[in-house]
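The values are calculated or read from the model by the stated rules, or taken from the named source; none is laboratory data. As the structure is a computational prediction, the values presented were derived from the model and not from experiment. Using ideal geometry, Cβ is built from the backbone for each residue, glycine included, and neighbour counts are taken over all protein chains shown. Heads up: the accessible areas ignore ligands, DNA and RNA and are worked out on the full protein's heavy atoms, side chains in. Shrake-Rupley method; radii C 1.70, N 1.55, O 1.52, S 1.80 Å.
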Amino acid sequence: MYKCKFPHLFSPIVLGNTFFRNRLFASPTGYQNLNGDGYLNDGAAAYYGRKAMGGAASVATFEGIVDGELGKGGDGHFCLDAPSAGISRNLSNVAFGINRYGAVASLELAHTGMFANRSLSFFGAEARGIAYGPVEMEVNGRLVRAMDDEILQRTIRKYAEAAALAKKCGFGMVTVHAGHGWMLHQFLSPITNTRTDKWGGPDIENRARLTIEVLKAIRKAVGPGFPIEVRISGSECYDGGFGLDEGIAIAKQLDGVCDLIHVSAGNHEVDEVFAVTHPSMFLEDGCNVKYAAEIKKHVKTPVAAIGALSDPELMEDIIASGKADVVEAARALLCDPDLPNKARAGREKEAKRCMRCLACFSNEMNYGQPYCAINPETGRELEMKYEIPPAVSKKVLVVGGGVGGMQAALTCESRGHQVILCEKSGRLGGVLRCEKDVSFKKNLEYYLDQQEAFIRKSEIDLRLDTEVTPEYAAQLEPDVIIAALGAAPLKPRIPGIDGDNVIAAQDAYTDIDKVGQNVVILGAGLVGIELGLHLLSKGRNVKIVEMLDHISDGGNFLHILGLNVEIKKRGLEIAFSTRATEITSAGVVCESGGSAVSFDADTVVYAVGQSPVRDAAAALGACAPEFHMIGDCVASRNITDATSEAFLVARNVGRG
């Protein structure tokens, strides 16, 4: 007999007059205007609809900018007041894409305030770069004007018109963004709102007035019973910003004026707390729930919690203990949109768990698509929506059991192929297994263990401790070979690099007893920085030497914001623009600014990149009619690229 493991999480809730099937909501995540014409392509409906298909009770969308002239932050923002019927059709398609699966579609309403048009200001014409905020101020070298009564009334009207449009287009709720540094937050915050009239100053009633007036105007536009959610920052979480007491005061002002108070944290326009608003891997699970839990004690309106939530057991406890009435997830549902359905069915261990690496967000900013590091279907929802022709069954040999090899093997097996997976070591997971004892990489280890478990439960013929030579491959007579041999640590050509006191980064992880008290790491890429933080936690003294004048982010530039916080917090020393010229038994001799400088070290660790195992992989090319080299054996890849390439290559095997 079925018994739900998470009865509180999957109990329904009614907000306004609207029924929500459970307490797990998909919070707003962006989908960029990829066409550059102000419209959304068909991928938007597929992207948001996929979360609804996965069981979320409500799915909130992109930031819908209520005032395209004065509230748009960047070219990727979607403006709700564009004078075109095409906008309505766009919105209706997205709403239908969500509603068709039984979830409530919610349109996020936003205005960037003093950060509006900042990407346009370089054109020179003042009208292209104009921005209004609570008071006149200079922001990043640009004069921001104070909103007068005319602009304030215009703004209130724009929110109401946007909400009415949302309802007309089939959305069942609106989410008013009043947090994270955008315009309504700017008015709520005593730091940015120092007005002396009824719209600001030290009085919280005055600072909340604009948000309240917006909510009242929305209510008039959408009518009674239509749910209105408001997202606020329960604390700004930085020195000089407001704290939880102010967050409680804000929530009290909103009590009874909306249907759900969504309590987030921080300000994404302040670098030091970006990784609090979007919790980094260095923070504990549910790190921002405390703000919602405290605010809930002071209001009668239902409260939603958010922040590093991907574990259904934690979500269940939050609801059951009364910390919040609703839990919201963003990246967790990018990592696995089926998380709600899997948890409800008691299959929560099959759900991928977000690593909080911020690859999705960085990829969205770089490429317009939120590609996930470990879910290769995310960002490709439109492509995945349609069945591809059945595969002609092939005998596939996958060589290498790292992240790419495991994904390729699983994808091939799911397509009906006969798969042999060979790994020369005694365990799957590849080089990333070296980080198994790193506290902030626990979800990476969870992912590797999960992939291994999927393989062992499948029909894949797994052969560990098996090195594949051309002779071995030929004996198997495969139809297809997928070579995923990975890479070896790149050893820099420095005198003394072969000394007894020198090791590669992965060896520093796996055999920490060989790492001395004083450590110099060569290379300030993600590997070197994360290793340095790990060694500091193990009581070592660490210095990093980097030839460049900055950290190499490997394309994941938002992860760097969280790293920078940890670097400062833990006191990790980095010598930029410094080149190692010799390694001695006493340490490292370097050149910096034309002068020689030395750093004492018991152990020197090189973390300067990877060298692809191309020759060994290419040698297998003549052993099967179809041959693919993927991952690090071609060129250095991050996890996102490795899993995506493996998935897409394997998905096409046997198509013709």
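Structural remarks
- Ordering L648, L620, T584 by Cα displacement along the dipole of the range 552-656 toward the positive end leaves L648 in first place; charges were set at the Cβ atoms of Lys, Arg (+1) and Asp, Glu (-1).
- Cα centroid separation, the range 531-546 to the range 182-251: 42 Å.
- Remark: the H298-M365 segment gains 20.4 nm on full extension, using 0.36 nm per residue and subtracting the alpha carbon distance.
- Each Lys and Arg Cβ is given +1 and each Asp and Glu Cβ -1; about its Cα centre, the chain then shows a dipole of about 1960 debye.
- Only Cα pairs under 8 Å and 6+ residues apart enter the sum, and on that basis the relative contact order of the range 592-656 stands at 26 percent.
- Structural size metrics of the range 543-619, computed from C-alpha coordinates, are Rg and Dmax of 15.6, 48 Å.
- D203 - accessible surface, heavy atoms, 1.4 Å probe, Å² rounded to 10: 70
- Peptides 564-572, 51-59, 381-389, ordered by how many other C-beta atoms sit within 10 Å of their residues on average, highest first, read 51-59, 564-572, 381-389.
- Taking a ≥ b ≥ c as the square roots of the eigenvalues of the alpha carbon gyration tensor, the range 180-283 is oblate, as a/c is not under 1.5 and a/b does not beat b/c.
- Heavy-atom accessible area order for H628, H550, largest first, 1.4 Å probe: H550, H628
- Ratio Rg/Rh, restricted to the range 105-218 and using Cα atoms, in which Rh is the Kirkwood radius: 0.99
- The orientation-averaged projection of the convex hull spanning the C-alpha atoms of the range 411-453 amounts to 3.6 square nanometres.
- Against the criterion of solvent-accessible heavy-atom surface with a 1.4 angstrom probe, M629, M1 sort, most first, into M1, M629.
- Largest to smallest principal axis extent of the C-alpha atoms in the range 601-652, angstrom: 52, 25, 11
- Against the criterion of solvent-accessible heavy-atom surface with a 1.4 angstrom probe, Y291, Y371 sort, most first, into Y371, Y291.
- Rounded to the nearest 20 debye, the dipole size of the range 532-621 about its Cα centre is 320 debye, using +1 on the Cβ of Lys and Arg and -1 on the Cβ of Asp and Glu.
- Of the trypsin sites (Lys or Arg not before Pro) found in the range 578-656, those in coil by DSSP whose Cβ has at most 14 other Cβ atoms within 10 Å are R655.
- Site pair D245 and K491 shows an inter-label distance of 6.1 nm when each label is modelled 7 Å from Cα along Cα→Cβ.
- At 0.890 mPa s and 25 °C, Stokes D of the chain from Kirkwood alpha-carbon radius, µm² per second: 92
- Here the range 388-532 is assigned +1 on the Cβ of each Lys and Arg and -1 on the Cβ of each Asp and Glu. Its dipole about the Cα centre then comes out at about 340 debye.
- Beta bridge orientation in the chain: antiparallel %, DSSP, nearest 5: 25
- Site pair A622 and K514 shows an inter-label distance of 3.7 nm when each label is modelled 7 Å from Cα along Cα→Cβ.
- Estimated FRET transfer efficiency (E150, I212; beta-carbon r; R0 22 Å; 0.05): 0.70
- Straightening the chain between R89 and Q475 buys 133.2 nm, computed as 0.36 nm per residue apart minus the Cα-Cα spacing.
- Global form of the range 259-371, assessed from the alpha-carbon gyration tensor, a/c cut-off 1.5: oblate
- Cβ-derived FRET efficiency at R0 25 Å, A635 paired with S414, nearest 0.05: 0.40
- Classification of the range 161-228 by its C-alpha gyration tensor yields a prolate form. The axis ratio a/c (a ≥ b ≥ c) is 1.5 or more, and a/b outweighs b/c.
- Within the accessible area of the chain (1.4 Å probe), percent carbon and sulfur: 49
- Dipole of the chain computed with +1 at Lys/Arg Cβ and -1 at Asp/Glu Cβ about the Cα centre; of Y238, S425, H8, farthest Cα towards the positive end is H8.
- Database remark: amide H of G525 closer than 5 angstrom to the amide H of S552 (H placed geometrically; neighbours at sequence offset of 5 or more, or on other chains; Pro and chain starts carry no H).
- Links that overshoot a 29 Å alpha carbon limit, given the list K290/K342; K352/K543; K3/K352; K442/K514: K352/K543
- Under-5 Å amide H pairs with M629, H placed in peptide plane, nonlocal only: A483
- With DNA, RNA and ligands ignored, accessible area of F96 (1.4 Å probe; Å², nearest 10): 130
- Think of a 1.4 Å ball rolled over the protein heavy atoms: the chain then has 40 Å² of accessible area per residue.
- When the surface is traced with a 1.4 Å probe over the full set of protein chains, F557 keeps roughly 70 Å² accessible.
- With contacts taken as Cα pairs under 8 Å at a separation of at least 6 residues, the chain carries a relative contact order of 11 percent.
- Potential extension, T18-K168 segment - 0.36 nm per residue separation minus Cα distance: 52.4 nm
- Over the chain, dividing the summed -39,500 (n - 2.57) contributions of all DSSP H runs of at least 4 residues by the number of residues returns a 222 nm mean residue ellipticity of -9500 deg cm²/dmol.
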